[in-house]
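Following: one structure in structure tokens, then a few remarks.
What follows draws every value from the coordinates through simple rules; no lab data is involved. None of these values were measured; they are calculated from a predicted model. Backbone-built Cβ (ideal geometry, glycine too); neighbour counts: all protein chains shown.
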Amino acid sequence: MGKSLMIVDDSATMRKIIMRTVRMSGLEFERTEEAGSGVEALEKLKAGPIDVVLCDINMPEMNGTEMVKQARQLPNCSGTKIIMVSTESAQELIDRVIADGADGYITKPFTLEKFQEKLAPLLN
Ligand SMILES: [Mg+2]
């Protein structure tokens, strides 16, 4: 069965760039969703399981680190792979969000190769 992807970022332009990078990387998803905030992302995750989530950190309303914590409380999300995509590059922050339940971290600006490296193992 095809995998589903959700891109969470408060910037619509960045969501488009990420979506295009995913497509260019040759990774195939059967269904793709977008969310503009952590709150919207959690609503979508509650509605049904999503295989892979690419999640920004700096967002109004609810940031990505809080979203990860709350997503990990949802029964729907036990198998969801959450990869953070952020300009934040402090190792302490990266370690904390991984400890809180994120499965990986990509720093912006990112490359096509980075997406392939981080996402391909999740699609097997
Ligand atoms: Mg942002």
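By how many nm would the segment from residue 32 to residue 116 grow when fully extended, if each residue of separation counts as 0.36 nm and the alpha-carbon distance is taken off?
Here the segment from residue 32 to residue 116 would lengthen by 28.5 nm.
Which loop GluC sites (Glu not before Pro) in the stretch 4-37, with loop taken from DSSP, have no more than 15 other Cβ atoms within 10 angstrom of their Cβ?
Counting only loop positions with at most 15 other Cβ atoms within 10 Å, the GluC sites (Glu not before Pro) in the stretch 4-37 are 28, 30.
Can you give the calculated 222 nm mean residue ellipticity of the chain, where each DSSP H run of n ≥ 4 adds -39,500 (n - 2.57) and the sum is split over every residue, rounded to the nearest 500 deg cm²/dmol?
Using -39500 (n - 2.57) per qualifying helix, the result is -11000 deg cm²/dmol.
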